[in-house]
Structures are given as structure tokens and as C-alpha cells.
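Chemist: After the C-alpha cells below, expect a handful of questions from me.
The values are calculated or read from the model by the stated rules, or taken from the named source; none is laboratory data. Because the structure is a prediction, the values reported are computed rather than measured. Positions of Cβ are generated from backbone atoms using ideal geometry, with glycine treated the same way; all protein chains shown enter the neighbour counts. Please note that ligands, DNA and RNA were not included when accessible areas were found on the heavy atoms of the full protein model with its side chains. Shrake-Rupley method; radii C 1.70, N 1.55, O 1.52, S 1.80 Å.
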Amino acid sequence: MYSGLYAPIPDIDKYLERIGLSRPEKIDLESLNAIINAHQLHIPYDSLDVGLLNREISLNIEDLFNKIIINKRGGYCFEINGLFMKLLKDLGFDTHSIPCRVMQTPETIAPAFHRGTVVKFGDKKYFCDVGCGGSMPTGAVEITDGLVQQIGENKFVLKKVKDDWYHLFRIPREDEENQEPQISLAIGMIEYDPVDFLPPNYMCSVGPNARFRDKAWVNMRTETGSVSIRGRELTVVDNHHKTVRTIENDEEYLQALKKYFGIDLYGQI
């Protein structure tokens, strides 16, 4: 009944081609960081199926592969991080999925409606995320309490808050106005099977109260910043300079999806 959640990646080389890479020569931290970075630059966070097209979300590997790799779409966390974790496993990485909570403040009370990935090298563990709509580390984060880590142009730190749970903070750059560490996720160091994500995926995608049905969101890193569409608001960040404008009609919306994310929805809305 659930075998499709555990199926192998249909074509590893085509997957890697989608993110501009070839097979890694070594299964090590350097290769992992290269995959994370390339994944974020080529595959967008995309909640269009739920927020715009009213489609149910399948987590079967073949369905995810066809959607994200063959049809050059994105997905939200249960989809992208699920496919990403399976790619790593099929390449030979020691990896598994974990539950996470999206946090606005350290006191936020929220369900575990996010999916993350842990990779192990010897006695060290690393947190990876390629399926979040916000600003996330561009490489793997060593899971060590209080260790400040430079990842790309940002610094991050994990702080243990209770047994098996950490908070992930980004430390602002010197040129940012708000100098308070910014929390993004609570990370649960609990190994989840793919089948364990079926209930939260259902709650996020099905029914009138599903949390992602109110507004479609597409977001992707670029080499110089990021680009996102939330509802009909287009935001482009380029070398720390932000521009925001409203998308006026469906045709302009479709053009923006194609231009910025490579997503072709012509004939679907």
C-alpha cells in the first residue's frame, strides 16, 4: 500500500542533470553541500498545486520525480525534501527524514508541519533543507549545540531546547537593521519514515482548512539573492536590494512563473 513512498529514484542522472550536477565522486560533506546549493538554485519551493490548482499532493517517489524532475516543477517541503532525501540515500549517503516546526519566535507553538533531512558522517550529524519557503542555510548545518557556523554569506547556530529538539537561528549580518538572531525552525532529532509524513501532508493540502490553500507561494534562491511570488505579490532580492510589485493579471502571473522559476502553467489556470 505504501511501497511507492520507498521506491528508488527512477533516473538518478536525470535528477542530477535537473540541478546542474553530475554524480559525486565521493560521498562526503563537500559533495553534500554541492547538492544542497544546486538544489536550492534550480528547484523552487512551490505550493501551486494546493494554493492555486486544488490538487492533492502525492508523496510517492515516482509521482514526485515526474512532477519535479520531468515536468520541471517545484513542490513544498513534504515533496522536495522527500525526493531530495531519497536521492541522497540512493547515492549512498547515510540519511533519514525528521519532523520540524516552522517558527516565528522561540515561543511559537506550532504543529510539526515541515520535513527536514539529517545526514550522518561517522559520529557527526548534519541538518539539510532544500524545501523551505524562507531563507535557509545553503549547505549542511552540523548538529552541535551552540556552534556558530558560517554557511555561504550567513551564520547559523543551533540551540538545544529540550531532549531531541533544537532551534535553528540565523545570525544577522552587520549591515542588517535588526541585529537579533532570527529563528526559522525547530528541528526534531527523531527519525521519521516516509509514511509518517502522510498525515501532516494531508492536513496541509486537503480540505478548506488546509493551511496552504489560502495563498499560493513560489520561492527560489538565485546566485545574487532570491525571488518569490506570494499570492500576486512579486518580490525580487538582488545583492540585498529588494523590489516588490503587484502582478496585475493571470497572463502576467504565468509569464512571471515561467521567467523566474521555469514553471509552465499555461492552460492550467
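Chemist: Which residue is least open to solvent (accessible area, probe 1.4 Å), if the candidates are limited to segment 74-94 and must be charged (D, E, K, R) and out of contact with any strand residue (DSSP E or B) (no Cβ under 6 Å at 6 or more places or on another chain)?
Modeler: Restricting to residues being charged (D, E, K, R) and out of contact with any strand residue (DSSP E or B) (no Cβ under 6 Å at 6 or more places or on another chain), the top hit is E79.
Chemist: List the pairs whose first member sits in segment 66-78 and is without any contact (Cβ under 8 Å) to a residue 60 or more places away in the chain and at positive phi, whose second member is among the acidic types (D, E) and open to solvent by 10 Å² or more (accessible area, probe 1.4 Å), and whose Cβ atoms are under 6 Å apart, counting only residues at least 6 apart or on separate chains?
Modeler: none
Chemist: Scan segment 1-33 for residues that are in contact with a helix residue (DSSP H, G or I) (Cβ under 8 Å, 6 or more places away or on another chain) and within 20 Å of V141 (Cβ to Cβ) and jot them down.
Modeler: I19, P24, I27, L32
Chemist: In addition: I'd like to verify a number: residues in segment 8-20 that are part of a helix (DSSP H, G or I), surrounded by 12 or more Cβ atoms within 10 Å (Cβ to Cβ) and not β-branched (V, I, T), how many?
Modeler: 5
Chemist: So is D164 touching a Gly at 6+ places or on another chain (Cβ under 9 Å) and among the acidic types (D, E) or not?
Modeler: For D164, the condition - touching a Gly at 6+ places or on another chain (Cβ under 9 Å) and among the acidic types (D, E) - is met.
Chemist: Follow-up question, since we're still on this one. Which one is farthest from the chain's Cα centre (by Cα), of the residues in segment 213-245 that are part of a strand (DSSP E or B) and among the hydroxyl-bearing types (S, T, Y)? Walk me through how you get there before you give the answer.
Modeler: Our first condition is that a residue be part of a strand (DSSP E or B); within segment 213-245, this holds for 217-222, 225-230, 233-238, 241-245.
Keeping just the survivors that are among the hydroxyl-bearing types (S, T, Y) gives 222, 226, 228, 235, 243.
Working: T222: 14, S226: 14, S228: 14, T235: 18, T243: 23 Å.
Within segment 213-245, the match that is farthest from the chain's Cα centre (by Cα) is T243.
Chemist: So, one more: Cβ-Cβ distance below 8 Å, separation of 6 or more or different chains: which pairs start in segment 220-247 with a residue that is under 11 Å from F261 (Cβ atoms) and end on one that is among the small types (G, A, S) and open to solvent by 30 Å² or more (accessible area, probe 1.4 Å)?
Modeler: M220/S226
Chemist: Quick check, is I61 open to solvent by less than 30 Å² (accessible area, probe 1.4 Å) and either more than 26 Å from Y253 (Cα to Cα) or in contact with a helix residue (DSSP H, G or I) (Cβ under 6 Å, 6 or more places away or on another chain) (or both)? Can you show your working first?
Modeler: Numbers: open to solvent by less than 30 Å² (accessible area, probe 1.4 Å): yes; either more than 26 Å from Y253 (Cα to Cα) or in contact with a helix residue (DSSP H, G or I) (Cβ under 6 Å, 6 or more places away or on another chain) (or both): yes.
Answer is yes for this residue.
Chemist: Let me ask something else. Hey, does segment 83-96 have a residue that's over 11 Å from the mean Cα position of the chain (by Cα), within 28 Å of L257 (Cα to Cα), hydrophobic (A, V, I, L, M, F, W, C) and at pLDDT below 95?
Modeler: No, the conditions are met nowhere in segment 83-96.
Chemist: Here's something else I'd like to know. Quick one: how many residues across segment 251-265 are within 22 Å of K67 (Cα to Cα), without any contact (Cβ under 8 Å) to a residue 24 or more places away in the chain and either open to solvent by 80 Å² or more (accessible area, probe 1.4 Å) or not in a helix (DSSP H, G or I) (or both)?
Modeler: Count: 3.
Chemist: Still on this model: Can you tell me which residue within segment 21-51, out of those that are touching a Leu at 6+ places or on another chain (Cβ under 8 Å) and not in a helix (DSSP H, G or I), is surrounded by the most Cβ atoms within 10 Å (Cβ to Cβ)? Even if it seems obvious, please write down each step before you answer.
Modeler: As a first pass, look at segment 21-51 and keep what is touching a Leu at 6+ places or on another chain (Cβ under 8 Å): 22-24, 27, 32, 34-35, 38, 48.
The next check asks that each one be not in a helix (DSSP H, G or I); those that pass are 22-24, 27.
Values: S22: 8, R23: 9, P24: 16, I27: 14.
If we take residues in segment 21-51 being touching a Leu at 6+ places or on another chain (Cβ under 8 Å) and not in a helix (DSSP H, G or I), then P24 is surrounded by the most Cβ atoms within 10 Å (Cβ to Cβ).
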